[in-house]
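So the structure is just underneath, and the comments pick up after that.
The values are calculated or read from the model by the stated rules, or taken from the named source; none is laboratory data. These figures come from a predicted structure and were not determined experimentally. Backbone-built Cβ (ideal geometry, glycine too); neighbour counts: all protein chains shown.
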Amino acid sequence: MKRIATAAGLITLVAALASAPFFLDAYGLGLMMGLAGYVTLATAWALFSGPTGYVSLATVAFVGIGAYCVAALSEVLPYPLVLLIAAGIGLAVALVVGLSTLRLSGVYFVIFTFGLAELIRQLVTFYEINVTGTLGRYIFLGITPEQIYWQLLALGIVTMLLRWWIGRSRIGLALKVIGDDEVVASHVGIDIARTKLALFAISATIMTLVGAIQAPRWTYVEPAIVFNPTVSFLTLIMALLGGATRLWGPLLGAVPLFLLFEWLSANFPNHYSILLGLLFILIVFALPKGVLSFIEQMWGKAHRTDDSGARS
Amino acid sequence: MFVTTLIAGLVLGGTYALVAMGLTLQYGISRIMNLAYGETIIAASFLAYALSSSFNINPLISLVLAAPLGFVFSYLIYGLMLRPLVARSKTAMALEIDSILATFGLLFVIQGVMLLMFGGNYISYSYMNFGVDIFGASVAANRLLALVLALALGGGLYLLLTRTLWGTALRAVAVAPSSAPLVGIDANRAVRLAFALGGALAACGGVVISMYQTFTATTGVVFTMKALIVVIMGGVGNLLGALSAGLILGLVETFVATYVSPGLTLAAVYLIFLGILLWRPSGLFGKARR
């Protein structure tokens with residue numbers, strides 16, 4: 001009974017979100033698009049980093065790859081094919097990064113992903129200057145903001161379903177063991193490197209798709225714009241605030257933080273990154289496991305005191 | 001051409017070695033992966049720039065000022081921000097994640113302050129900008145001075161760590177953090193001093209860099225990354241390893257920039273990094289650890 005109610009509630013929620021463009025003005029729709037994008041990014045980030053504890057700082061590298069694929073290919077190839085190619089390139093980069101770092105201790109992965117966006121930005125800049133001769137590109141696609149929003153929403157829902165499914169499957173269980181203790185994991189016969197690699201590849205492909213789908217919104221694309229490190233930073237902080245190990249954590253972190261960032265960038269454009277950094281440090285200190293855990297802890301405490309009160 | 005490139009490479013490599021030594025102290029002894037390290041470097045560059053352009057103060061004097069400032073700043077950061085995380089974390093991995101996240105936040109704070117104060121433009125100032133003749137090649141005097149300073153500071157640190165009781169204590173904490181207290185070493189204090197010393201080196205590196213390079217408020221990230229790569233190449237905690245890895249990286253970068261294309265330097269650095277990860281993850285000179 002409870003299950004049916006939950007399913008019905010979720011379907012209503014999805015229907016409401018899908019019909020949002022019919023009620024919103026252009027600004028509202030833009031807000032919803034950004035929100036859908038960041039919720040998907042944060043959920044995809046948590047898909048890999050939540051259970052394994054590997055901190056990926058490469059989100060924007062994949063987002064940028066996706067956006068640049070659309071910018072470079074959308075004039076010669078049909079749109080669905082471009083998305084497919086973008087996903088393929090994102091997957092290939094993720095496999096290279098994963099294969100070379102995920103067998104080692106987590107720090108190597110962090111360092112590698114830390115510079116990855118900068119590396120790809122320089123490579124794209126080099127290619128554009130020396131081969132094509134121009135730095136920026138324009139994207140002219142007949143894709144309306146509504147369509148972008150629906151695509152992002154669909155991708156976000158797929159990502160959530162994927163996380164839910166992984167959490168219940170064997171691979172999810174394996175990931176939990178890896179996150180808790182790698183030695184134990186290897187002793188019970190889990191192929192650690194392959195499990196981590198698979199998850200990282202899936203997460204990176206989704207991030208690439210987010211970038212590719214959002215690209216038509218920007219119209220003008222340039223390496224410095226699409227490889228903006230703030231995106232990696234925001235994704236990370238959103239997933240952390242909500243709780244990266246929880247299914248609904250990234251979503252709950254992304255919604256309030258995205259709105260807050262919108263407000264901050266509108267009102268304090270010069271102090272934006274200082275405030276972001278301070279907020280980030282605050283979250284690491286005050287809510288190391290995320291808001292969801294914190295609420296549950298408080299809830300649990302309150303209940304326990306209630307119980308003891310009733311017993312005595 | 002070749003000699004000029006070689007010297008330019010040595011200068012750059014010497015600077016990398018210098019900043020990487022600071023990072024290897026912070027990561028090897030204090031076990032803090034400091035992602036805001038490059039921002040400390042650039043902050044010192046801005047200090048040297050501001051003093052030089054506003055008050056016409058010689059960068060060598062800025063160097064003497066920057067080192068203790070970097071020391072105090074890092075000492076405070078460790079005490080206020082990182083020490084609670086160290087106390088809280090139960091495992092080395094938890095500390096690693098927490099310190100990465102906290103210093104990632106710090107990166108944005110320092111960068112934001114610098115953007116606010118100096119803007120996002122490319123910055124440079126002119127200091128000792130005349131040529132010196134070496135083996136028939138003309139080399140800018142500021143570069144030579146940078147190389148000498150990098151070698152002197154790096155060598156001084158090496159002697160400090162290997163020849164004094166104090167340095168030996170630091171190295172003991174690096175090798176066996178849990179056993180060091182047994183022989184009467186205050187591990188907490190050693191760790192904090194190592195972190196602060198790393199910050200002082202970063203500040204020195206920043207002033208040296210500002211003498212011959214242009215920089216922006218956002219270049220810190222690149223320096224952090226290169227310093228990290230040098231640290232891994234040389235083996236974590238290994239000072240001589242950091243020195244030689246830094247020189248190699250600087251030479252490779254300069255030669256790629258001169259003979260291939262300046263746009264591919266980072267790609268070359270990453271290629272080396274990839275090779276190291278695949279074949280010698282414990283560093284060129286490191287023994288297999290753990």
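Screening the candidates B:V11, B:V64 for the property of being touching a helix residue (DSSP H, G or I) at 6+ places or on another chain (Cβ under 6 Å) and away from chain A (no Cβ under 14 Å) yields one hit, B:V11.
When B:L149, B:L165 are checked against the criterion of being in contact (Cβ under 8 Å) with a residue 60 or more places away in the chain and away from chain A (no Cβ under 14 Å), B:L149 stands alone in meeting it. Tell me, yes or no, whether the range A:166-178 has at least one residue that is in contact with a strand residue (DSSP E or B) (Cβ under 9 Å, 6 or more places away or on another chain) and touching a residue at least 40 places away in the same chain (Cβ under 8 Å). So far as the range A:166-178 goes, no, none of its residues is in contact with a strand residue (DSSP E or B) (Cβ under 9 Å, 6 or more places away or on another chain) and touching a residue at least 40 places away in the same chain (Cβ under 8 Å).
Quick check on the range A:77-87. Is at least one of its residues away from chain B (no Cβ under 14 Å) and small (G, A, S)? There is at least one residue in the range A:77-87 that is away from chain B (no Cβ under 14 Å) and small (G, A, S).
One line per residue, one yes/no per condition, for (1) under 30 Å from B:S52 (Cα atoms); (2) modelled with pLDDT of 85 or more:
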position	(1), (2)
B:V132	yes, no
B:V175	no, no
B:A180	no, no
B:G184	no, no
B:V191	no, yes
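Which one is farthest from the other protein chains (Cβ to nearest Cβ), of the residues in the range B:253-272 that are buried (at least 17 other Cβ atoms within 10 Å of the Cβ) and in contact with a Phe, Trp or Tyr (Cβ under 7 Å, 6 or more places away or on another chain)? Result: B:L264. Candidates are the residues of the range A:118-139 that are in contact with a Pro (Cβ under 6 Å, 6 or more places away or on another chain) and modelled with pLDDT of 85 or more; the one that is nearest to the other protein chains (Cβ to nearest Cβ) is A:T125. The set of residues in the range B:142-166 being among the hydrophobic types (A, V, I, L, M, F, W, C) and over 22 Å from B:G246 (Cβ atoms) consists of B:L165, B:W166. If the condition is being in contact with a helix residue (DSSP H, G or I) (Cβ under 8 Å, 6 or more places away or on another chain) and over 14 Å from A:A244 (Cα atoms), then the range A:173-182 contributes A:A174, A:V177, A:I178, A:E182. The condition of being surrounded by fewer than 18 Cβ atoms within 10 Å (Cβ to Cβ) and hydrophobic (A, V, I, L, M, F, W, C) holds for only one of B:V113, B:V132, that being B:V132. Of the residues making up the range B:156-200, those that are small (G, A, S) and under 20 Å from B:L18 (Cα atoms) number 8. Entry remark, the range A:166-175: residues being of a type in the set (K, R) and under 17 Å from A:L197 (Cβ atoms) number 1 in total.
Give the residue that is nearest to A:V55 (Cα to Cα), with candidates limited to residues of the range A:143-181 that are aromatic (F, W, Y) and surrounded by fewer than 17 Cβ atoms within 10 Å (Cβ to Cβ). The residue in question is A:W164.
Of all the residues in the range A:15-53, those that are surrounded by 14 or more Cβ atoms within 10 Å (Cβ to Cβ) and farther than 25 Å from A:D180 by Cα number 17. Pairs are defined by a Cβ separation below 9 Å, a sequence spacing of at least 6 or placement on different chains, a first member in the range A:283-301 that is within 14 Å of chain B (Cβ to nearest Cβ), and a second member that is among the aliphatic types (A, V, I, L, M) and part of a loop (DSSP other than H, G, I, E, B); the pairs so defined are A:K289/A:A244; A:G290/A:A244.
For B:I57, the conditions (1) in contact with a helix residue (DSSP H, G or I) (Cβ under 7 Å, 6 or more places away or on another chain); (2) surrounded by fewer than 18 Cβ atoms within 10 Å (Cβ to Cβ); (3) within 28 Å of A:G106 (Cβ to Cβ) all hold with the exception of (3).
Looking only at residues in the range B:116-146 that are outside any helix (DSSP H, G or I) and in contact with a Pro (Cβ under 9 Å, 6 or more places away or on another chain), the one that is nearest to the other protein chains (Cβ to nearest Cβ) is B:Y125. Across the range B:16-54, the qualifying residues are those that are in contact with a Leu (Cβ under 8 Å, 6 or more places away or on another chain) and over 30 Å from B:D98 (Cβ atoms), and the one among them that is surrounded by the most Cβ atoms within 10 Å (Cβ to Cβ) is B:A48. Of everything in the range A:102-115 that's among the β-branched types (V, I, T) and more than 15 Å from B:G283 (Cβ to Cβ), which residue is farthest from the other protein chains (Cβ to nearest Cβ)? If we take residues in the range A:102-115 being among the β-branched types (V, I, T) and more than 15 Å from B:G283 (Cβ to Cβ), then A:T113 is farthest from the other protein chains (Cβ to nearest Cβ). For A:L35, state whether it is within 14 Å of chain B (Cβ to nearest Cβ) and under 23 Å from A:L162 (Cα atoms). Judged against the criteria, A:L35 is not a match.
Quick grid of which residues meet (1) closer than 22 Å to A:T125 by Cβ; (2) of a type in the set (G, A, S); (3) facing chain A (nearest Cβ under 10 Å); (4) crowded, with 22+ Cβ neighbours inside 10 Å:
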| residue | (1), (2), (3), (4) |
| --- | --- |
| B:Q213 | yes, no, no, no |
| B:T218 | yes, no, yes, no |
| B:V222 | yes, no, yes, no |
| B:M225 | yes, no, yes, yes |
| B:V231 | no, no, yes, yes |
| B:L274 | yes, no, yes, no |
